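Inspection log for the structure reproduced underneath, given as structure tokens.
The values are calculated or read from the model by the stated rules, or taken from the named source; none is laboratory data. Just so you know, these numbers come straight off a predicted model, no measurement behind them. Note: ideal-geometry Cβ built from the backbone for every residue, glycine included; neighbour counts use all protein chains shown.
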Amino acid sequence: MVDFTKVPTRVGFFAPERFEADIHDCEVIGKVPKDLNGTFFRVGGDWFYPPLFPDDAVLNADGYISAFRFKDGIVSYKGRYVRTRRYELQKAANRQLFGYYRNPFTDDPSVRDPERPYLRTVANTSPLVHAGKLFALKEDGLPHRIDPVTLDTVGPWDFEGAWKSQTFTAHPKIDPVTGEMIAFGYQATGLVTDDLFIYTIGRDGKVKHEQRIKVPYVSVVHDCAVTQKHILLPFGGYVTSMERLKAGKIHWGWDATKPSYIGVLARDGDGKDIRWFKGPERCMMHTFNAYTEGSKIILYAPFYDSNFFPFFPPIDGTPWNPQKAKAYVRRITIDLRSKKDTWTEEILWPFNVGDLGRIDTRFMTLRQRYGYTSFNDPDRPFDEARAGNLRGRVSNTYGRFDFETGKLNRYFVGPTHSLQECCFVPRPGSREEGDGYLIGVASNYAEMRSELVIADAQNLEAGDVARVILPFRSTAQVHGIWADASELA
Ligand SMILES: [Fe+2]
């Protein structure tokens, strides 16, 4: 018997979806650009069975991949659960078997296996397309290969045995110049281990180079940044231990006394040469991009001042502080000639933003001008009467942040909607940075359904070019990517 009554998200916009969907030729308001030929893949989490612990992190929900497929001005939708080992075991048992987020000691005895924590992955964080293959990723396990047409799960992928880490980041970076992918795995050799392995994977999908490092302390290394020369590994604040896990707690807690770090190493170098730069308390989750210029590395990132996740509470027993859980668009400069182990940081806009920042990925690793992310524009209030006071409503605006001039352009989604992460789609045939579309899924609270919005990225103030309407609430996305049809022939 399925009983969600103890789960806080049982009702509201992000209540469990628990179904799979196919819609051929979705309803559209406006005109979908006919030159868009490809797919917007999204990955997120959806509890198929209620969690064993009602206060568990939403990050522990079953992986769900969806696809908006564009061709000739028509958009079709498909959504499927990722068939992880965990999903299949639970479906066979007709119940939830796995406990807290990344704590195998809290699992049902029938599946408990702390020696192989990677087998618990839910593959619920981000999609990836590289070397003609589609994957669903989560940082606690291997990528899951997905059939790009049917969205059927093929299974875990270890790059023909060449990937030696037990884990694989949700945020690899693809160099648009070489086609190489830089990816890493932390807790690479087991639960709470301080090993982090970094790999360069060629355009052909084969592992070319490996570097192995030890981290200063075991923490969330969620994202990275890659330049033409360097790899940057930012992290800070989150801590864990085997004692903590054996005590039955959720994997991470927040330690405000811990410094933040950015590890810098050469792409073609040896892990033993990594240099660790140190900063103040920071929650460093996502990056926009970085580039190397002379002896300096410039990193743009929407890092938080402090702990963003209320379900990873402070270890000193103090309550989670929402005032410090704010992300700002930051420029971080690391001077490799300096003997000091610190960086300089500027906050470029004085208001807090969604930390799921994106760029025109044709400029990944290179000097780029624009970053895109969502935020809540207070000059455009929500319509409480029509939208209701519902959970999860955060951002009403996508911004294009011009790092060179400080200019901000805005796309406003409407007074009854909230925006998930955006994605930049290059205009076919264009080469200029920022020439393309900004797309993303909006939650329409007034009508309780999801809509894919499509805006001209160079004319955000003009509003939508088109909206693709789903007749239901779509599973919440963590991350999404655009894949041109030519990438998945
Ligand atoms: Fe992420």
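List the number of the failed condition for LEU390; all other conditions in (1) under 21 Å from ARG473 (Cα atoms); (2) at pLDDT 95 or above; (3) more than 21 Å from the chain's Cα centre (by Cα) hold.
(2)
Out of everything in the stretch 211-226 that is in a strand (DSSP E or B) and not β-branched (Val, Ile, Thr), what residue ends up being nearest to the ligand (Cβ to nearest atom)? Walk me through how you get there before you give the answer.
Taking the stretch 211-226 as the starting set, the residues that turn out to be in a strand (DSSP E or B) are 211-214, 225-226.
From what is left, the residues that are not β-branched (Val, Ile, Thr) are 211-212, 214, 225.
Details: GLN211: 22, ARG212: 23, LYS214: 23, ALA225: 13 Å.
Only one residue fits best here, namely ALA225.
Out of the residues in the stretch 273-301 meeting the condition of being of a type in the set (Gly, Ala, Ser) and within 18 Å of the chain's Cα centre (by Cα), tell me which one is farthest from the ligand (Cβ to nearest atom).
So, considering only residues that are of a type in the set (Gly, Ala, Ser) and within 18 Å of the chain's Cα centre (by Cα), the one farthest from the ligand (Cβ to nearest atom) is ALA290.
Could you tell me which numbered condition THR333 fails, if it satisfies all but one of (1) within 16 Å of the ligand (Cβ to nearest atom); (2) in a strand (DSSP E or B); (3) surrounded by fewer than 21 Cβ atoms within 10 Å (Cβ to Cβ)?
(1)
Here are some residues: ASP341, ASP355, ASP377. Which one is over 25 Å from HIS222 (Cα atoms), touching a residue at least 12 places away in the same chain (Cβ under 8 Å) and either assigned to a loop (DSSP other than H, G, I, E, B) or within 16 Å of the ligand (Cβ to nearest atom) (or both)?
On inspection, the qualifying residue turns out to be ASP377.
What number of residues within the stretch 272-293 satisfy the criterion of being surrounded by fewer than 18 Cβ atoms within 10 Å (Cβ to Cβ) and farther than 13 Å from LEU366 by Cα?
Adding up the residues that qualify gives 6.
Considering ALA446, ALA455, ALA483, ALA442, which residue is away from the ligand (no atom under 16 Å from the Cβ), part of a strand (DSSP E or B) and surrounded by fewer than 22 Cβ atoms within 10 Å (Cβ to Cβ)?
ALA483
Using beta carbons and a limit of 9 Å, which pairs, at least six apart or on different chains, have the first residue in the stretch 19-39 and under 25 Å from THR150 (Cβ atoms) and free of Cβ contacts under 8 Å to residues at least 60 places away in the same chain and the second one part of a strand (DSSP E or B) and of a type outside the set (Gly, Ala, Ser)?
ASP22/TYR77; ASP22/LYS78; HIS24/ILE74; HIS24/TYR77; ASP25/ILE74; ASP25/VAL75
For the stretch 227-244, name all the residues that are outside any strand (DSSP E or B) and touching a residue at least 12 places away in the same chain (Cβ under 8 Å).
THR227, GLN228, LYS229, GLY237, THR240, SER241, MET242
Taking the stated definitions as given, is GLY236 out of contact with any His (no Cβ under 9 Å at 6 or more places or on another chain) and more than 16 Å from the ligand (Cβ to nearest atom)?
no
Restricting to the stretch 342-396, what's the tally of residues that are acidic (Asp, Glu) and either closer than 30 Å to TYR291 by Cα or touching a His at 6+ places or on another chain (Cβ under 8 Å) (or both)?
Result for the stretch 342-396: 5.
With respect to ILE250, determine if the residue is more than 16 Å from the ligand (Cβ to nearest atom), assigned to a strand (DSSP E or B), among the β-branched types (Val, Ile, Thr) and crowded, with 20+ Cβ neighbours inside 10 Å.
No; evaluated as a whole, the condition is false for this residue.
Quick check on this structure: which one of ALA170, ALA256, ALA183 is modelled with pLDDT of 95 or more and surrounded by fewer than 22 Cβ atoms within 10 Å (Cβ to Cβ)?
Criteria check complete, one pass: ALA256.
In the set GLU139, GLU210, GLU160, GLU180, which member is of a type in the set (Asp, Glu), out of contact with any His (no Cβ under 6 Å at 6 or more places or on another chain) and under 20 Å from CYS283 (Cα atoms)?
GLU139
Hey, among ASP158, ASP140, ASP204, which residue is in a loop (DSSP other than H, G, I, E, B) and within 16 Å of the ligand (Cβ to nearest atom)?
ASP140
So which residues in the stretch 98-126 are more than 16 Å from the ligand (Cβ to nearest atom), basic (Lys, Arg) and closer than 20 Å to PHE312 by Cα, if there are any at all?
ARG120
Being touching a helix residue (DSSP H, G or I) at 6+ places or on another chain (Cβ under 8 Å) and either among the aromatic types (Phe, Trp, Tyr) or within 16 Å of the ligand (Cβ to nearest atom) (or both) is the filter here, so list the residues in the stretch 161-195 that pass it.
THR167, ILE174
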